[in-house]
Every structure is written in C-alpha cells, then in structure tokens.
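Read the figures in this text as sums done on the coordinates, not as results from a lab. Note that the structure is a prediction, hence the values are computed from the model and not measured. Here the Cβ positions follow ideal geometry from the backbone for every residue, glycine too, while neighbour counts run over all protein chains shown.
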Amino acid sequence: MTPREVGTQRHGMAADLGMRQEIRANPRLYQAMDILYMPLASLERRMKQEKNDNPFLEIVEPDEDAFAGEEREAADAGGDADDPGDDIEQEDALYYDVDPDGERQWETRGGTDGPTREVVARPTLREALERQFRLEKLDARQTLIGEQILDSIDSSGFLSRPLADIGAAAGEVIQNEDVEARPVSPEEVAEALAVVQSFDPNGVAARDLRDTFLIQLRNKGERQSLAYEIVRDHWEAVIEGRWGELERECDVAREAIVSARDAVDKLDRRPGLKYASEFGAYVVPDMEVRKLNGGYRIMHNDSMLPRLTLSRRYMDMLGDGKFEGEDRKFVQRNLDKANWIIKAVEQRRQTMLDVMSFIVKSQRSYFEKGIEHLQPLTLGDVAKRLGVHQSTVSRATNGKYVQTPAGDVVPLKLFFSGGYAKDDGSLVSARSVKAWIKELIDSEDPASPVSDLAIAQLLEKKGVRIARRTVAKYRGQLMIPSSRMRKAI
C-alpha cells in the first residue's frame, strides 16, 4: 500500500482529520501551511489549543518570557549542554534591517512594547471559508484548485486575481503534488469556484459587484426573478439608477420594478466584511516596518504572543525511563508533535520576515513616496526569489497586516498587483493606476464630474495607456459610481 493510499484509508476512518490528509503523504506539511496563513489572533488560539491537547507542551505567557530569555542567555554562557530543550529554543524576537543597498542583516532583540491588541474571538473570513471547505467531498484536484481560490479572496469577499491566474497557480501545485499532473482546465476552475460561491457569507468569491449580486440572488433561489434579470442583462442601468428606463425596456409594471429595485438594494455590496473586526476592535499587524538610518527595519510583531515550550516535568519523566512499551510510544509520539508545532511556529515567523524583506526591497518607492508609486509585483516574483512555492507566499501574506513607517496599517496583499508599461519604459502597478483614478475623481468639479473616457485620456498624459472600459472596471472595484451618478449626487 502506498503512503497516499494509507492516508486515504486513515481519512475514511477519521474524517475529522480533514480532507487534505487524503492528498498529502505527510499531514504535517498541511499543519505547517495551516499555521503559516493564520493571523496573530488565530495563531494564539491555535497555540493554546495545541497546549491543551498535548501534555508535552507548556505556555509561557509574554510577561514571563523576558525572564525565560534571561535564563536561556545564562544557559548559553555556561549551562547544561545536555538540556533536551536546547535544540528547539528560539530567541525572544527577530528583526531584519534592510539597509539602503537592500542587504538584509540579522539581529536579535528582547520583547518590546507592541501596539494595543484586542483579540477578537470570531473567526476570520478565511477561517470561516476553510471550515466550510473541509466539509465538501472533493477529489484531490478539486481540493487543490479550491485552495487557490480561497487564497485569492480579499477581505471584502472578492477574488483578487483572474480565474486564469488561479488555474495556472493550481496547475503548479498539482504538478508538485503529483496529483493527476495535467493542465487545469477553465471548467475545473469554474466547478471549484461554484462550490466556494455556495458558502457563507452569501456572495463570496465574486469577480466584481455585479457577480456578487448574481451569486446572492442565485443562492436565494431567485434566478428567475426580475431582479436577477435586470442585474444580469441591464447592469449599467441598475448601477446608474435608471429605473424608469428599465420599466420600459423590460415591459413590466412600475410595481414590479419597484419590487426588483428593493431586492437589489438589500444585497450585500461587500459580503466578506461580515467577518471583519467589529467596531472598536483593532487590527493587529503581524509586522512593523520602521525607517532607520536611511534604511528600513522589519520587525515581527509577536512580542505579546505566548510561547510554546516543552514541558520540563514530562521531559524529566521520559529521561528517567518511567515509560515503557505502549506508554513510551504514546509519549514519543506526543513529543514529536510538540517539537513539530514549536518548529512550525518559528518557521512561520522566518518565512514572513523573508517575504516582508523582499517586499520592502521591491516596493521601496511605496515606502518613500506613497501608494501612487507601487511597483508591479506578483506572488510568483517573491516565490522565485526566495526559492519557495507560490502557495507558501500566498499563505504568508493572506490576511496579514504590516504597520508602515507612516503609521498606517495595511494588508500585505496591497503590495501585489499586475502592472502597465509606461511610455518611458518604466512600470506602474495596477494599484497605482487605481489610486490615480481615485485621486482624479476626488479632485473633480462636482458640477462636472470627469468621465471614464476623460480619465483614460488624463492617464495617457501620465504615460499610461489604458482603455475606457478598464477605467470603468477599476472604478467599479473602488465602489465609485459613474460620472452621471456622481453628478446627480
């Protein structure tokens, strides 16, 4: 029996271990990746759960950790080299310095005062979707494609990259996993997408506002309704509020149009925000970037995170030979798990620092001048530079935030987008183009709003050739109404 067959058999006996063990020869790989995508609040809950499940783990609370660090320093200077915990203890905190030449330098530091933290017990959007996803009876290929879709959903619940890119990324993962290694077809992506779009919150995994409205109406069983018809076939009229025109075009009574309008007005424009932090809660940045001596210092913001360590009491009992036979096997198994989870948490930290270091080097113009100067950057660019898989970078950035030198707390996904070649040969990111569009609209004359065509012409003067239709698409993603609607407002 092959390792994969063993994994599949185990899954049938214990379904609560999760669907992905069926397609992984090593379940610990999934555990490590699962830990990697967790934001700090979720990681803290996970660490406490691991401690409750494994007697070999202990929690060292943050206020105790400084003293524990002093003990480790003393041990390094002349302590017992046979201490069983020595090989897994880590420094209290780590940061990178990125100097003006872009070189990375290692240093260590003790705990420092981090930002005010408020742990919100409710699950994140990604956690809620992941739980629903694990209940689906999907084969290996569909599972891997679905994971790429989950990785591509932003905090508002929309897809952050095209379906073609999702299919290509899934194809790379499938090839590495050796799961029916053939190209991923658009039909396969569409099938997996339909599964995710059936999840709560209603309307999630949409490509744009129109798409999320259609998903919400379909999931409510209103595919045959007038509201669905006008969103599908008369979208421009819907978003511009031309209800009288729709009444004539659809040849229906005014009461029917009013009812359809009310149905559309009740739809959620940003379904993912259902899982956002409640008012008054803080977003906890996983990292912080500070400007220092002409360069940038990147710090992992986990000084207030509890630390997992091995239980000294159980280690002593194991060393005294008090466990034999099946008891010793049980103890050894739990010890292996304890070592693994400790190393997985540390690997998460290292990976995120590596990724953020590359982001700072690549997006220096953003940190110096602002969002209008973001450079095109893809997950693949970072993965290639760091020598890891693209899905690793995706998990390291999904749902994570960084505090910038300006004091802003921004999602790491902000730094990733495609781009355009300017007339002078330089590159500009799609996010920068969106920022320019918003800036042009914010500064327009309310009595004479700038049209999408005029915006395209103004961008061309900046050296960026972009179609009017693309301007309309970006404006829609920014939730900005058309010039006609802005004038009416």
Next item on the list: Report the paramagnetic label zone for residue 330: residues of segment 33-59 whose backbone N is under 15 Å from a point 7 Å from Cα along the Cα-to-Cβ axis.
Entry: 53-56
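Below 11 angstrom from the Cβ of residue 241, what's the summed charge of the other residues (Lys, Arg +1; Asp, Glu -1)?
Details: positive: 242, 261, 484; negative: 236, 240, 245, 265.
It works out to a net charge of -1.
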Note to self: Quick check: net charge around residue 467, other residues with Cβ under 13 Å of its Cβ, Lys/Arg +1 and Asp/Glu -1?
What the structure shows: +3
Check: What are the lysines whose alpha-carbon lies under 27 Å from the alpha-carbon of residue 461, with same-chain residues fewer than 8 places away excluded?
Finding: 369, 422, 434, 438, 473, 487
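Please list 53-61, 207-215 highest first by mean number of surrounding beta-carbon atoms within 10 Å per residue. If you can, show how the numbers build up before the last one.
Working: 53-61: 16.6, 207-215: 19.3.
Going by the mean number of other Cβ atoms within 10 Å, highest first, we get 207-215, 53-61.
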